[in-house]
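The next block holds one structure in the form of structure tokens; read it before the comments.
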Amino acid sequence: MLGLGIILVSIFLALFAYVIIPENTPNANRQLPEIALQPPLFNTDCFKYQNAAKDFDKSWLSSVFTGYESNDEHIPFQNLELIGSELQVTNHYGQIRILPFEDLGIEKMTLTELKSKHVINRKYWLGTDRYGRDILSRLILGIRVSLTVGLLAVTISVIIGIFLGSISGYFGGWLDQVISFMINVSWSIPTLLLVFAIVLALGRGVGIIFLAVGLTMWVDVARIVRGQVLQQKNMQYVQAAKSIGISELPILARHILPNIVGPILVIAAANFATAILIEAGLSYLGFGIRPPAPSIGNMLNEQYGFALSGKPFLALVPAITIMLLVLAFNLIGTGLRDAFDVRD
């Protein structure tokens, strides 16, 4: 139930990420170098004004899934003063920046009116990264990427594995020998190296990543399905179905496969955890999701160097997130195995 709870929360965050996250611009990529590497719960005031050079035309529904384009510019400050027709902004490092009103595209007003109309307060619950981006927002978007890659990769692996494993185990003969040879050859190649080869051959991107991961994990599913079908095809209910004239494919699809759904769900849950780890590993090594798109792996790549430099939270946050996601799916796999164990 703990694993299920973590997964349900992660799915909710992934589905409604841009509605929930504090920084809901595309990829949560608003960079504010003035507040880079701030600790969790960091709080700052920002001067906000609209950049007339930016113009976006995007539907609300599209923005829910891809982020809300914004022409707002944010300038974090520690002190704000009005000097004639210019605005003097002092940042958190004590540096002073002079901003004429005409450059900001706003009317001259008193400091009180300026603060009421153009100053917002922002809180960074998990702090900021080296570019001044909100870590919490990018982490939630990274969870979305991990779950998407895991879901699509597992779907591909399950479809291929069930198809090849079932026909291999049920029909046997030369077909079983050919498929078993394919399984053994694929099994002998390290998964990560095979994924590297596919990514290097086809290119980088979310679509290529889940395709590469899915094409390497079907072996586990095929082995499990083949063994289960070999066991089930000699059962009495299969012989009874044959005796009343039901053809081979309906027996396989309507009778045998529903009886082995338990082991398939268990291996699918384990493969989901593996897919998340592989995607994170690829992104960490620079072969996965392209920045600035957030991924837990490339977040760890950008921030692992701070683990020994007095800011360990930058590396610990993505590492703990990966650990919790993988643990959750392994717990689900263990629970499903116990639930479908006929000996109990």
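Observations on the model:
- ³J(HN,Hα), Karplus 6.51/-1.76/1.60, whole Hz, each residue of the stretch 238-244, x for Gly, Pro: 6, 5, 5, 5, 5, 5, 9
- Under 13 Å, Cα to Cα: Lys pairs in the chain, sequence gap 8 or more or different chains: 4
- Ordering GLY245, PRO318, GLY173 by Cα displacement along the dipole of the stretch 135-339 toward the positive end leaves PRO318 in first place; charges were set at the Cβ atoms of Lys, Arg (+1) and Asp, Glu (-1).
- Annotation: peptides 171-181, 64-74, ranked by per-residue average of other Cβ atoms within 10 Å with the highest first, follow the order 64-74, 171-181.
- Summing Lys and Arg as +1 and Asp and Glu as -1 over all other residues whose Cβ lies under 12 Å from the Cβ of GLN31 gives a net charge of -1.
- Principal-axis tilt of helix 173-188 within the chain, Cα atoms, nearest 10 degrees: 30 degrees
- Once backbone amide H atoms are built at 1.01 Å from N, VAL119 has LYS48 as its partners under 5 Å, excluding neighbours fewer than 5 places away on the same chain.
- For the peptides 276-284, 80-88, residues were scored by their other Cβ atoms within 10 Å and the scores averaged per peptide; the highest-first order is 276-284, 80-88.
- Take every Cα pair under 8 Å whose residues are at least 6 apart in sequence, average their separation, divide by the length of the chain, and the relative contact order is 20 percent.
- Ellipticity at 222 nm from helices only: DSSP H runs of n ≥ 4 in the chain, each -39500 (n - 2.57), divided by the residue count, give -19000 deg cm²/dmol.
- Extension gain for the segment TYR93 to GLU113, taken as residue separation times 0.36 nm less the Cα-Cα distance, is 4.6 nm to one decimal.
- Protection proxy ranking of 126-135, 208-217 - average other beta-carbon atoms within 10 Å, highest first: 208-217, 126-135
Here, each number is a calculation from the coordinates, and none is a lab measurement. Owing to the predicted nature of the structure, the values given are computational and were not obtained by experimental measurement. Please note: Cβ atoms are built from the backbone with ideal geometry, for glycine as well, and neighbour counts cover all protein chains shown.
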